[in-house]
1. Given B:Asp155, B:Asp115, which one is charged (D, E, K, R), open to solvent by less than 20 Å² (accessible area, probe 1.4 Å) and in contact with a strand residue (DSSP E or B) (Cβ under 7 Å, 6 or more places away or on another chain)?
2. Could you say which residue among B:Gln123, B:Gln137 is over 30 Å from A:Ala131 (Cβ atoms) and either modelled with pLDDT of 95 or more or open to solvent by less than 10 Å² (accessible area, probe 1.4 Å) (or both)?
3. Across region A:1-11, which residue is nearest to the other protein chains (Cβ to nearest Cβ) among those that are outside any strand (DSSP E or B) and closer than 23 Å to A:Val211 by Cβ?
4. In region A:92-104, which residues are open to solvent by less than 40 Å² (accessible area, probe 1.4 Å), in contact (Cβ under 8 Å) with a residue 40 or more places away in the chain and either within 10 Å of another protein chain (Cβ to nearest Cβ) or part of a loop (DSSP other than H, G, I, E, B) (or both)?
5. From A:Gln122, A:Gln137, which residue is within 14 Å of chain B (Cβ to nearest Cβ) and of a type outside the set (Gly, Ala, Ser)?
6. Do any residues in region B:12-37 that are facing chain A (nearest Cβ under 10 Å) and open to solvent by 40 Å² or more (accessible area, probe 1.4 Å) have Cβ atoms under 7 Å from those of residues that are at pLDDT below 95 and part of a helix (DSSP H, G or I), where the two are at least six apart or on different chains, and which pairs are they?
7. Pairs only if they're at least six apart or on different chains, beta carbon under 8 angstrom, first in region B:317-337 and under 10 Å from B:Ala286 (Cβ atoms), second surrounded by 12 or more Cβ atoms within 10 Å (Cβ to Cβ) and of a type in the set (S, T, N, Q); list them, first residue then second.
8. Determine if region A:306-323 includes at least one residue that is out of contact with any Pro (no Cβ under 7 Å at 6 or more places or on another chain) and part of a loop (DSSP other than H, G, I, E, B).
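The values are calculated or read from the model by the stated rules, or taken from the named source; none is laboratory data. All values reported here derive from a predicted model rather than from experimental measurement. Here Cβ is always computed from backbone atoms with ideal geometry, including for glycine, and neighbour counts include all displayed protein chains. Ligands, DNA and RNA are excluded from the accessible area calculation, which covers all protein heavy atoms including side chains. Shrake-Rupley method; radii C 1.70, N 1.55, O 1.52, S 1.80 Å.
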2 protein chains.
Amino acid sequence: MGLVVQKYGGSSVADAEGIKRVAKRIVEAKKNGHQVVVVVSAMGDTTDELIDLAEQVSPMPAGREFDMLLTAGERISMALLAMAIKNLGHEAQSFTGSQAGVITDSVHNKARIIDVTPGRIQQSVDAGNIAIVAGFQGVSQDSKDITTLGRGGSDTTAVALAAALDAEVCEIYTDVDGVFTADPRVVKKARKIDWISFEDMLELASSGSKVLLHRCVEYARRYNIPIHVRSSFSGLKGTWVSNEPQGSEPMEQAIISGVAHDTSEAKVTVVGVPDKPGEAATIFRAIADAEINIDMVVQNVSAAATGLTDISFTLPKTEGRKAIEALEKTRSRVGFDTLRYDDQIAKISLVGAGMKTNPGVTAMFFEALSNAGVNIELISTSEIRISVVTRADDVNEAVRAVHTAFGLDSENDEAVVYGGTGR
Amino acid sequence: MGLVVQKYGGSSVADAEGIKRVAKRIVEAKKNGHQVVVVVSAMGDTTDELIDLAEQVSPMPAGREFDMLLTAGERISMALLAMAIKNLGHEAQSFTGSQAGVITDSVHNKARIIDVTPGRIQQSVDAGNIAIVAGFQGVSQDSKDITTLGRGGSDTTAVALAAALDAEVCEIYTDVDGVFTADPRVVKKARKIDWISFEDMLELASSGSKVLLHRCVEYARRYNIPIHVRSSFSGLKGTWVSNEPQGSEPMEQAIISGVAHDTSEAKVTVVGVPDKPGEAATIFRAIADAEINIDMVVQNVSAAATGLTDISFTLPKTEGRKAIEALEKTRSRVGFDTLRYDDQIAKISLVGAGMKTNPGVTAMFFEALSNAGVNIELISTSEIRISVVTRADDVNEAVRAVHTAFGLDSENDEAVVYGGTGR
């Protein structure tokens, strides 16, 4: 048996009871003959409490010190977890990101892992210990300062360690049973997906599915590390994310993996842009210079009479104000009429590698939305994804209609287990 | 102007307001032209809360992991303090014990500093930053694991850094105005001491005075680092601890520095020990093998009729059970009658280098106790200290009587400022 990396999120280790429950699960894996490396997040609300403290002493906490502060959270959870494991009669050692060899660039608060040198971790597990590693943190290659990896960083830590240690699997334990064909809070008949390819998972992650972040899946795909997303509360099998189906039972790839939705974006429309070369470039250069990531972009056919066109794009709501300010500064150069800002939108995406070879998918998607009375405002597609923008009010109905139309509904909605504690 | 090391205890940085107040004081020192290195403890009750968490997951938290856990406390306070300073427009960087080069042995929970390599700190202050260092922690030379220095460890960190950085002074900020001639909670007329020698301070520290720990003073004496103990709440001058008086005004060494008391010890009496060579050695070897530190030791003259003697010693109450168990195991070999354990005792000590040249001091001490009706149970002396053991109930009266007899009482008890916040 080889080495497994297990990652436990903050909700799994929210209190002493949670830590003890997780410790038992870790010891089980060890008893089954695995070498076990565990990546752990900060307990429950710890990170929020630390952020709150920082805001009390400084309105704009500095990057380096903010990272130093936040990383205390994992230091607490990992030490407690190691203690709880030792209390079960097994040897455990905890390591900070720095001690575990998680080396990053110097961009505080959202550093990227550039190398993992897990010598101390390998030594520790070779000596029979369970190694506990702080998620979300590393040490910058240049300055030797402590860094944090940003939202979802612990998942990335786990996958990066799994790659560096040549692990059999990276198990991501969370408070849901796996990846579902849609958000079970919206679609009661959503089904847990047994296996999904890296490609489909990447599209779901960038379309609003929150179980795994894009960066983590991207890392796993690059190093071909199978991820097993599963609940830390139940003993159920979760979702395998990998190149090929895992395990003894063959799993067939579905034509459609799932329906994702995202209500975190807003739509900006630049109205009355002169339809000549360079105007769009000016607009998007201004957005890029403000370091704003945009998502969908649509340019209408220009009206022949006026020679003017409209350009729409979506972006995170949190970047809305910054984008409008940046665009206003280009108004005199571009000469557009008005700016419209709309944050009452939702994005609904259908994801599945099967749509490459099933030409009817797009039509069926639009029909389902139409039958549900949902109006489409923007459309964008990739090889294995179709996304539309609708009114935010329509999102739940739209997701359910599409889910049903593509035969994704579970036959038995009792089978869906989602969230909760104590199981 | 040279470099100063300032140390702030947990009560000085108990909340966001405290951190902001301390930040202002640090910035003042910087504005006065000093290079400033700050050592900070964990906020208020943080350490106790972490210990409580540890006890919830494991009845006997392991050394290595316990240290990893506790050091999160300083990581939080130091990052917040750096943020608060930056918010005042000055540059600050925080460093863990490990980053600051505090190298220790591998004895978890009570490691000893064996070297300080403050290259990063020196670099940081040379670049114009205020450097904030986590107190109480280091990194073990052999295992590279995180260690903690035990109770009062932050003071030792500060003195050790001051020595390594060749600082002008190590300022220990606390919630009292300095070192007093007696505990002001017991003696209302206790006076703040302006200057005290390392030697007298060492005796006070080992006799129950809690302002500075013995280990910290010992370190300062070895490297000749003047310590200035003062309040972080008031702007008053505190107490200088050094080889020679500091500052422009000459300060004369008092004959008697102060009266200390200690109610944390218990007395063990081994009754009916055969008075022959080797018996005492057997008894104290058993205590030493149980790793118990004893304090005073007294052996009575043996009764001629029986050839039996009694041996008494004092030790921390927390070690009482262990000592009795260790002694019981020697009973058959030593052949003593009974063991008596008494934890209702107090130790009262008079400290002052002047007693070397003033032969009347011992007599005056005993007379003062006698006049107050206090019975003496044990006596022990050093060159500059006399200690007696009395009933615990008598301690306050005894301390006050001795304080008055040696002319230590302040003329104006309004002058005594002790503890409190907001000043």
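1. Within the list B:Asp155, B:Asp115, the selection yields B:Asp155.
2. B:Gln123
3. Out of the qualifying residues, it is A:Gly10.
4. Answer for region A:92-104, where residues must be open to solvent by less than 40 Å² (accessible area, probe 1.4 Å), in contact (Cβ under 8 Å) with a residue 40 or more places away in the chain and either within 10 Å of another protein chain (Cβ to nearest Cβ) or part of a loop (DSSP other than H, G, I, E, B) (or both): A:Ala92, A:Ser94, A:Thr96, A:Gly97, A:Ala100, A:Gly101.
5. Answer to the selection: A:Gln137.
6. B:Lys20/A:Val57
7. B:Thr330/B:Thr282; B:Arg333/B:Thr282; B:Val334/B:Thr282
8. yes
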